Structures are given as structure tokens and as C-alpha cells.
1. Considering the convex hull of the alpha carbon atoms of the stretch 560-611, report its projected area averaged over all viewing directions, in nm², one decimal.
2. Once fully extended, how much extra length lies between E538 and T357, figured as 0.36 nm per residue of separation less the alpha-carbon to alpha-carbon distance?
3. Please give the per residue accessible area of the stretch 539-636, computed with a probe of 1.4 Å over protein heavy atoms only, in Å².
4. For A566 paired with S514, estimate the spin-label separation in nm (one decimal), with each label point 7 Å from Cα along the Cα-to-Cβ line.
5. How do E538, E85, E468 rank by accessible surface area computed with a 1.4 Å probe, from largest to smallest?
6. Which Rg and Dmax, in Å, describe the Cα atoms of the stretch 530-674?
7. Quick query: amide H of A302 versus all other amide H atoms, modeled in the peptide plane; which residues come in under 5 Å with a sequence gap of 5 or more or a different chain?
8. Given 25 °C and 0.890 mPa s, how large is the Stokes-Einstein diffusion coefficient of the stretch 275-421 in µm²/s, with Rh as the Kirkwood radius over Cα pairs?
Amino acid sequence: MIPFPVRFRVRQIGIDGHTIGPSRILLCEDPGVFLIGKSEDADVPLSGDAVSRRHMSLLMTDDEVRVRDESSTNGTYVNGTRVDEVVLSAGDQISIPGWLLELLGPAKNAASATRIGGVEVDESLVSRLIMTDDDAAPSSPLSSSRRTFPGAEFDGKDVVGVEALRASGHPVDEVRFCAVGGGLGSFIWVDHLRCYGIAANDIKAIGTEGVCYQTYKRYCKNSQIPDHERLRSNSLSRPDNIWGFPGYALREVGKGISVKGVFQVFGEPTLSESYTPRAGDVFDSLDKEAARISWPEMFVKAQVLGLRKTSDGRYAVAYKLWGGEASGQERNRYVIADVVHLSTGYPATRFVDDFQTFITNHPDARAQVANAYEPHDQMYIEAERRDGPVQVVVRGRGIVASRIIQRLFEARKKNPNIRILHSMRTPINARGGAVFRMARRLVRNNVEIQPFNWPKSCWGGDLRVEYEDADEEQRGIMLTQLGGTTTAERSDWIGIVDRGTEEGWYRPVYGNISDLAPLPAQGANQPAGVQVSIDTVEGNAEKLNADYLVDCTGLIADIRRSPFLADMLDTYHLRRNHTYRMKDGTAIQGGPTGLHCTNDFEIEGLRNNTGRVYAAGAITTGGPYLAVDSFLGLQYSALRSVDHLATERHHKVRNLGPFRSLGGWTKWMVGAQP
């Protein structure tokens with residue numbers, strides 16, 4: 001039971017990270033839902049250009065206290081990690097731009113509940129939610145409070161003693177293998193370990209999402225890929241099955257659906273479109289494999305704060321339990337592991353400059369613009385309900401833009417007055433696709449076509465071998481040439497654009513968006529909108545008046561945006577990969593990409609005697625493998641790293657020979673424990 005009143009210390013934070021003025025106490029007398037933001041109807045109004053009108057809500061019941069982000073522009077963070085919704089415990093700190101709220105422990109008695117920081121609160125004036133002065137000395141702002149744990153043991157040190165950690169008073173666990181991230185990359189690596197014969201009690205996985213695919217599923221849902229739609233992945237890319245057989249196509253046949261998928265596998269891409277599995281089938285299969293390998297028993301829902309080498313050749317990972325499982329200092333813990341695997345995914349959603357400027361300066365018009373990876377279903381619902389015309393600008397030409405255009409096409413069945421303006425930087429003619437040696441990408445409707453996000457030979461063919469054997473410059477050049485924005489050749493997507501062009505409700509617009517400005521509502525027939533200014537390729541300035549803009553420019557891969565990875569980079573001065581481009585026959589180094597690692601995905605800069613740290617996913621971009629951010633890429637990196645452990649013979653990982661592999665596959669087929 002939650003003892004009421006619930007108290008938060010509220011502080012305004014300056015751009016230097018220090019407290020501005022006195023802190024205040026937010027006193028929540030009864031259970032309820034309380035809105036925080038800039039709107040006039042907010043229960044707790046907070047000022048600031050970067051605070052959304054409806055920024056977040058506090059949800060309080062007799063059993064728990066939660067914080068929920070209300071699709072805010074700049075996000076809601078708990079203890080430094082961006083969240084959608086999470087349970088809070090005493091000591092948790094919620095940060096939004098310019099403000100910090102700290103959940104205080106329960107009052108010792110009724111008197112102290114109404115005497116906050118030395119200020120007597122008149123009980124007759126206590127309503128469900130009040131603010132009062134707090135003359136208690138404010139604690140450090142979030143930027144430094146994050147280091148209260150594990151600051152004493154980690155700060156200024158690159159090697160820590162195990163005995164010192166045990167003497168710190170924080171719980172210390174010891175395992176052989178620790179997976180940091182808790183998402184698909186961690187799951188696939190742990191799945192390999194289990195199939196190689198490692199016991200579940202030798203493994204710990206740490207992440208902030210309760211389900212390994214939760215972040216990925218959220219991105220799919222927001223970018224309008226529901227469970228019945230198909231992903232951009234092939235039949236054998238099964239994150240739940242290290243053998244890849246039977247593939248998803250055979251799985252569909254086994255469910256009695258059709259043999260179309262099998263024909264696609266054998267006929268792709270010349271005789272048929274490339275086969276791709278349904279999102280829901282992937283998630284269902286992951287649920288089954290999670291139960292088979294005892295993933296819930298290995299997983300800890302927590303926020304990882306730091307990693308250090310230990311003096312005995314292992315690694316210490318500091319983490320904070322994620323609400324509800326413990327309270328106070330009991331939430332701060334260490335796990336010491338022989339081997340650590342890092343797969344933390346993309347640090348953040350990308351907001352391009354003009355988009356960021358618009359949502360910061362015009363928070364009241366936030367509903368008119370959206371990034372494709374954030375929740376924005378309301379746009380389609382409102383467009384479908386409207387009687388009059390609706391104009392939507394879709395920015396970008398990748399796979400997500402194609403799916404957004406499909407969703408708008410479906411919305412036209414309810415409102416045929418929806419028009420699409422497709423904003424792209426430049427037109428691409430039929431011969432304008434990217435060239436790699438003798439090959440040129442196909443172009444349809446100004447979009448480069450490719451079945452998957454990389455050429456298929458990057459996964460297991462000659463390009464994989466060539467890229468792995470290349471030096472840093474050659475890898476960077478190949479990364480630049482083979483990468484880029486593409487979409488799949490799906491007949492329905494091509495047909496939508498062809499039909500829209502012919503009927504006049506789809507129009508491409510070429511140029512760079514230079515500015516976004518809000519359009520005020522002019523009565524019920526003309527609601528608020530957004531004006532999009534474009535510098536066209538012809539050198540003209542064009543202004544488009546639209547009801548909505550959907551930005552499909554992707555995710556941020558800068559690993560320094562992750563506080564955990566940034567701390568690790570600074571502590572151990574780890575090498576980074578880089579892009580390269582050719583200019584006048586000379587390779588010119590571009591910006592940094594992912595962590596530098598060996599061909600076995602080991603981060604050599606973190607080697608500690610026999611201790612090893614491996615990495616996978618987007619944080620290894622530019623490393624020994626091109627398609628790192630894919631199901632098969634995560635499987636490949638897991639296979640290489642676990643094979644490397646077996647080869648070194650330091651950590652009791654046995655080789656998976658043909659007979660053991662056959663036995664493991666048989667167990668997978670019947671659903672038996674590894």
C-alpha cells in the first residue's frame with residue numbers, strides 16, 4: 001500500500017545543470033491522475049519553451065506511483081533513461097527540460113506529512129494536489145546525482161576491487177555471463193549461450209523493457225506496422241532459432257495458410273517478391289523461445305549505470321532496479337561477470353533541426369507534426385473523420401515512408417479527400433540509383449529499390465567476406481557505397497504511388513525543407529495546420545500548407561547519446577569506427593560510427609586478462625559486418641562471439657559440433673529445454 005500524501009521535491013534546473021531558486025514540494029493528498037505541462041488545465045503547470053503542453057502524468061493508486069509520458073516533444077526521463085511509462089520508487093528522479101522531480105520517501109507521521117521542509121501546511125487547505133515551499137537543502141541536480149551511485153566506487157577509476165564493491169553495502173551478484181541491454185541483441189546472444197549448453201543460472205540479462213522485443217514492437221507500431229503486416233526480413237532470419245530452419249515461410253504453410261511464401265523463397269527476387277514474415281509471427285515465436293530457455297528467470301528489469309574492469313580479470317556492472325522490486329539503496333546493485341555482452345540499441349529518435357525548432361517554439365501545434373517512430377495514430381483517425389480535404393506531407397523515402405503512405409492510402413477509404421505531398425531532397429531518375437562496381441540499384445517512383453536494407457551477399461556471401469577482410473578505410477568506403485536509404489519492391493506500394501499520381505492525390509515535392517510554421521485554425525472547416533517551406537532543386541522557394549507532417553528520417557545512432565556508453569568511451573578511451581568517402585582518389589575520413597571491435601565482435605579495449613566484452617547491433621556500425629542492425633546480423637554477431645568463447649576455452653563454453661547441434665535443434669523442434 002502507498003502511504004498518502006505522496007511527496008515530490010520539485011526543482012527548476014538551469015542550462016548549467018544547477019538549481020534555480022528554492023525547491024518546492026508537490027504534495028499529492030489522494031490517489032488520482034495528475035497532468036504536468038504548460039497547458040492551462042494542467043494540475044501542475046511548469047514553464048519552459050521545451051516543456052510540452054501535456055508533458056507527462058503522475059498516476060497514483062493505493063498500490064503504486066507511476067509516471068507516464070504524454071507523447072511529449074522532448075521526452076520524460078527517469079534516472080537518466082527516457083521512458084514511456086514506469087513504476088516509481090522513493091528516490092527516483094523524473095526530469096523534463098528545465099525541471100527535476102524527486103519522489104520522496106513516505107512521511108514518518110501525520111504531522112511531518114503536513115510540515116514540509118520546516119513550512120507548516122494548513123490542513124484545511126490541503127486539496128488533492130498542492131505546491132508549498134521547501135527550505136531543505138536541495139540535493140545535486142540530475143547530471144551529478146546520477147553519480148551518487150556508483151560514484152563512490154566507479155568515478156575516476158578504470159579498475160575496481162571486488163572486495164571494495166562488497167564493502168560498499170550494495171548487493172553484489174556474481175555470474176559468468178551478463179547481457180546488457182535486454183533487447184533482441186541480448187536475447188539472441190543468451191539464446192546462443194543456452195543452446196551451447198550454458199545453464200540459465202550462469203547468465204544474467206539486464207534491461208529496462210519487460211519483453212525483449214518491446215522497443216522494436218513499439219517502433220513497428222508507431223511506424224504503422226501492426227502485427228498482421230510484414231517486416232523487412234527474410235524467412236531464415238529467425239531470432240528465436242539459431243539454426244534458421246524451418247523458416248517463417250514453412251511456419252506459415254504449417255499453419256495452413258498458403259504455399260505462396262515457399263514459392264517466394266525459391267523465386268525471389270526475380271520470379272516473385274522477396275518473402276517477409278508477419279510481425280506478429282515473429283513476436284509469437286520469440287515468446288515461445290523465451291519460455292523455452294528460461295529468459296524470465298535470467299532477466300532483471302533495471303537501468304545499467306556503468307561498467308568497470310575488476311582487479312581479478314572480470315567486470316563489474318552497476319545497475320538500479322527498475323521500480324517496484326526494491327526500495328531505497330536496495331535498488332542499487334552490482335553484478336560481477338566473467339563475460340559481458342553489450343547490445344543497447346539506438347539511443348534516441350532523430351529530430352532534424354527544423355522539426356526540433358518547430359516543436360520547441362510552437363508546442364501548441366505539436367499535434368500537427370510527428371516523427372514516424374513516435375505515437376501519432378491520432379493523425380490518421382482525425383484525417384479519416386474529417387469531412388473536408390486533408391493534406392499530409394510525408395518526409396523521407398525509406399521503408400518507413402512507404403509504410404506511412406500505405407497507411408494514408410488506407411485512410412482514403414474513409415476520407416477520399418486525403419492528399420499526400422511526398423517531400424524528397426532530390427529526384428532520382430531510372431538510371432540514378434547508387435552504383436557499386438558493376439551493379440546499380442533499381443529506381444521506382446524516385447525511390448531506390450532493394451529487397452532488404454543491405455545487398456543479400458552482405459549477410460553470408462562474397463561481400464561479407466570482402467568487407468570483413470578489408471581495412472578500416474576500405475570498410476568505411478564500402479559502408480558509404482552500399483548503405484543509403486532504400487525501400488522494398490512491393491507491388492502494392494508501387495501501385496499506390498502510380499495510382500495516386502494518376503488520380504492527383506499523390507505528388508512528389510523535391511527540395512530541402514527550410515522552415516516549418518504553424519497555421520492557425522480558421523473555423524471548423526479549416527483546423528490548425530503547418531506551413532512547410534521548401535527550397536526546391538530549381539532554386540525556388542515553395543510554401544506548402546498542410547494539415548499534418550510526418551517525418552520519416554529515422555533514429556539516432558550516435559552512441560555518445562547513451563550516458564552508459566559515453567561513460568565507457570571516456571573511461572577506457574575506446575576506439576570508434578568511421579565512415580570514409582573517396583575524393584580525387586583519396587579516402588577522406590568522415591564522422592565516427594560505432595564501437596571498434598574485432599571480427600569476433602570483441603571490444604579489445606575492454607579486454608581484462610581472460611575477461612571479455614562483446615558487442616552487437618547498431619552500436620557496432622562500421623565494424624566487421626555491414627548488416628548489424630538486422631535479425632540475421634544479431635544472430636551472426638552472437639554466433640561469432642560465442643564461437644570465440646568456445647575457441648578460447650576460458651569460460652567453459654563447449655563447441656557446438658554436428659551431433660550436439662542436431663540434438664539442440666531437435667530439442668528446439670519439440671520445445672524442450674536446452
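1. Projected area, direction-averaged: 4.8 nm².
2. Additional length available on full extension: 62.6 nm.
3. Per residue, the stretch 539-636 has 38 Å² of solvent-accessible surface.
4. So the label points at A566 and S514 sit 3.3 nm apart.
5. Largest accessible area first, the residues go E538, E85, E468.
6. 22.3, 68
7. Residues meeting the criterion, in which the H sits 1.01 Å from N, are G207, T208, W322.
8. Calculated translational D: 121 µm²/s.
The values are calculated or read from the model by the stated rules, or taken from the named source; none is laboratory data. All figures in this text were calculated on a predicted structure; none of them were measured in a lab. Because the Cβ atoms are built from the backbone with ideal geometry, glycine has one as well, and the counts that use them run over all protein chains shown. The area values use the complete protein model at the heavy-atom level, side chains included, leaving out ligands, DNA and RNA. Shrake-Rupley method; radii C 1.70, N 1.55, O 1.52, S 1.80 Å.
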